[in-house]
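Here is the structure we will look at, set down as structure tokens.
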Amino acid sequence: MSLDVERPGVGDAPAAGDSTPAGGRPPAVDRPPAAGAWLHRHLLDVDALSWPDIDLVLRTTDAMREVLARPIAKVPALRGTNVTILFYEASTRTRVSFEVAARNLSADVSNIAVASSSVTKGESLVDTVKTVEALGARILVIRHAVSGAPYLAASVFTGHVLNGGDGWHAHPTQALLDLYTMRSRLAGDVAVTAPGAGRFLSGRKVVIVGDVLHSRVARSNIWTLTAAGADLWLCGPATLLRGFEAWARAGAGGVADRRFTVTSDLAAALRDADAVMALRIQQERMAGGMLPSLREYAARYGLTAERLGAAKPAAFVLHPGPMNEGVEIAPDVASGPRSVITDQVTNGVAVRMALLYLLAGSAGGEALGG
Amino acid sequence: MTGRRIMTADEIRRAVVRISHELVEKQAGTAGLALVGIQRRGVPLARRLADAVDEHEGVRLPVGALDITFYRDDLSLVAAQPVVKGTELPFDLNGATIVLVDDVLYTGRTIRAAMDALVDFGRPQAIRLAVLVDRGHRELPIRADHVGKNVPTSREEVVRVHLTEIDGEDDVEIERRVDAAVVEPIPEGIV
């Protein structure tokens, strides 16, 4: 066909690719979305993503990895699009990762450091979002210490909201970059990366060790890893797993094939594991009586080379960062051959590029919210 | 719905062979030549051209694939983002003579995007263009160096190239756009 650029939702259907009306989006009702179309106006949580959605993100991330490998790692896809990064929580790597991702797509990036903004003068989140929008923001990347804050932002923002982490609730880009990193590590297996690949973590044992209770990374990973078919284990002191047994019994989201195991027995969790993710132990947890001491935690749950000996020989180790080396992860493990932690950082840029790209193209109707 | 056939499998084969000779003739040899197919149907065409050159010159030209999605000028106009097919240029573009290969040349916007993409990878000595079908209606000052078949068309028509590697058969058809009466005129994004 003459117009040889496949559009999701349009594909190679006769004449469809050539029929986009002049200068506008075709009404959604005219064309039911086909497989492969990205229909989410915002990305607030990974629980809204179907497996085809996740697969599309991973495949788009492949293309972004290719861009990152170019002599000039920059493409004009988002030229003229303003991406505003609004972080209410301290963060360096995630903020810089979003910034680099947006710049690699030629977007205009505004960075709002809350510490020096009007927020310190008492401006509400809603007012800040409205102001940012009036300043031209099309995509808003938001991080907030309060779970659900991005939902409030999305309710008043007419562009696209991308959750950069909210409270204990969700960290979608981290979960997707973790999934992408696992997929890359397993890419020797052709079926894993083939277009429309199945749930490539089927039969793979994935273990998350640490402070699951306070972790948005763990909560988002539960959705994506079980969606990919993983045999997921959550491990840590019982005080840091509270409530997860009930969730495990119900199955995530009540879906029968989304099961995971909760245990405080690290040896059992690590046995024959394919991938192990250590979570950061935050100092402030000690105050709440969750843990007796960091030393005790390191002695019982720290990931050491010796303990990882129980995992499969090809098992690899992830950490969302920043790491407390010597606490949740031993220094020789963090920088050892099993570690894919620096891959996670690079993949983080690629995944965020993919999501910015996909969100920028999604229709803006209320019906497509979430 | 089937349109009028304007090229048969044999005609496509002959056009590919002829263009493969033209490429070598214009370059006075094969030194420095590399083929870059534009996703999707330009890619198998580029491979066929390389096979044909190999047959009569005994030289294997490097072949790459180029996805121009990120360089489109209508990304903000389409309903959903196009699926990215992937770029693979396994050779050094600096100083090479790059022959861009596509199935249909229409408005020229795809080629504009492809040239923008190419120069991000290096500085070719020259960029040439080979297409299976030139259907006219250029919107940019772009012309093809090598053309399989010139086909006069109207904007209400659609040219469909089918290649065995993707579609299971080789032919080129032309048909009236189904919704031509409703949506018209249509400024193509990229063709």
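The values are calculated or read from the model by the stated rules, or taken from the named source; none is laboratory data. These numbers were taken from a predicted model, which means no experiment stands behind them. For neighbour counting, all protein chains shown are included, and Cβ atoms are generated from backbone atoms with ideal geometry for every residue, glycine included.
Results, tabulated for the structure shown:
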quantity	calculated
Verdict on B:VAL104 being hydrophobic (A, V, I, L, M, F, W, C) and either free of Cβ contacts under 8 Å to residues at least 12 places away in the same chain or facing chain A (nearest Cβ under 9 Å) (or both)	yes
Hits in segment A:311-344 (condition: at positive phi and either touching a residue at least 40 places away in the same chain (Cβ under 8 Å) or not in a loop (DSSP other than H, G, I, E, B) (or both))	A:GLY321
Residue, nearest to the other protein chains (Cβ to nearest Cβ), within segment A:69-96, restricted to residues that are touching a helix residue (DSSP H, G or I) at 6+ places or on another chain (Cβ under 8 Å) and in a helix (DSSP H, G or I)	A:THR94
Meets criteria (within 12 Å of chain A (Cβ to nearest Cβ) and either at pLDDT 95 or above or buried (at least 20 other Cβ atoms within 10 Å of the Cβ) (or both)) for B:THR110	yes
Selection count where residues are under 28 Å from the mean Cα position of the chain (by Cα) and not basic (Lys, Arg), scope segment A:295-309	8
Flag if A:TYR297 is more than 24 Å from A:ASP45 (Cα to Cα), at pLDDT below 95, in the same structural domain as A:TYR180 (by TED's automatic domain parsing) and buried (at least 20 other Cβ atoms within 10 Å of the Cβ)	yes
Checklist (1) more than 13 Å from every other protein chain (Cβ to nearest Cβ); (2) under 18 Å from B:ILE68 (Cβ atoms) applied to A:GLU66, failing item	(1)
Residue under evaluation B:SER76, criteria (1) over 20 Å from the mean Cα position of the chain (by Cα); (2) of a type in the set (S, T, N, Q); (3) at pLDDT 95 or above, criterion not met	(3)
Residue in segment B:32-39 that is part of a helix (DSSP H, G or I), at pLDDT 95 or above and closer than 18 Å to B:LEU93 by Cα present	no
Extreme residue, nearest to the other protein chains (Cβ to nearest Cβ), among residues of segment B:42-52 that are crowded, with 23+ Cβ neighbours inside 10 Å and more than 15 Å from B:ALA96 (Cβ to Cβ)	B:GLY42
Matching helices (runs of 4 or more DSSP H) fully within segment A:205-301 where at least 2 residues are aromatic (Phe, Trp, Tyr)	A:244-250, A:294-301
Residue list for segment B:120-143, restricted to those being surrounded by 15 or more Cβ atoms within 10 Å (Cβ to Cβ) and of a type in the set (Asp, Glu)	B:ASP120, B:ASP134
Selection status of B:ALA52, touching a helix residue (DSSP H, G or I) at 6+ places or on another chain (Cβ under 7 Å), of a type in the set (Gly, Ala, Ser) and outside any loop (DSSP other than H, G, I, E, B)	yes
B:THR153 vs. criteria touching a helix residue (DSSP H, G or I) at 6+ places or on another chain (Cβ under 9 Å), surrounded by fewer than 22 Cβ atoms within 10 Å (Cβ to Cβ) and touching a residue at least 12 places away in the same chain (Cβ under 8 Å)	no
Among (1) more than 30 Å from B:ASP92 (Cα to Cα); (2) assigned to a helix (DSSP H, G or I), the one test that A:THR61 misses	(1)
Test for B:ASP116: is it surrounded by fewer than 18 Cβ atoms within 10 Å (Cβ to Cβ) and within 23 Å of A:VAL75 (Cβ to Cβ)	yes
Some residue of segment B:89-97 being touching a residue at least 60 places away in the same chain (Cβ under 8 Å), more than 8 Å from chain A (Cβ to nearest Cβ) and assigned to a helix (DSSP H, G or I)	no
Residue in segment A:50-60 that is at pLDDT below 85, more than 13 Å from A:LEU356 (Cα to Cα), in contact with a Gly (Cβ under 9 Å, 6 or more places away or on another chain) and more than 10 Å from every other protein chain (Cβ to nearest Cβ) present	no
Some residue of segment A:308-330 being hydrophobic (A, V, I, L, M, F, W, C), more than 17 Å from A:HIS214 (Cβ to Cβ) and within 14 Å of chain B (Cβ to nearest Cβ)	no
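Condition check ((1) of a type in the set (Lys, Arg); (2) under 29 Å from B:ARG177 (Cβ atoms); (3) within 14 Å of chain A (Cβ to nearest Cβ); (4) loosely packed, with under 14 Cβ neighbours inside 10 Å) across all residues:
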position: B:ILE6; (1), (2), (3), (4): no, yes, yes, no
position: B:VAL17; (1), (2), (3), (4): no, no, no, no
position: B:LYS26; (1), (2), (3), (4): yes, no, no, no
position: B:GLU57; (1), (2), (3), (4): no, no, no, no
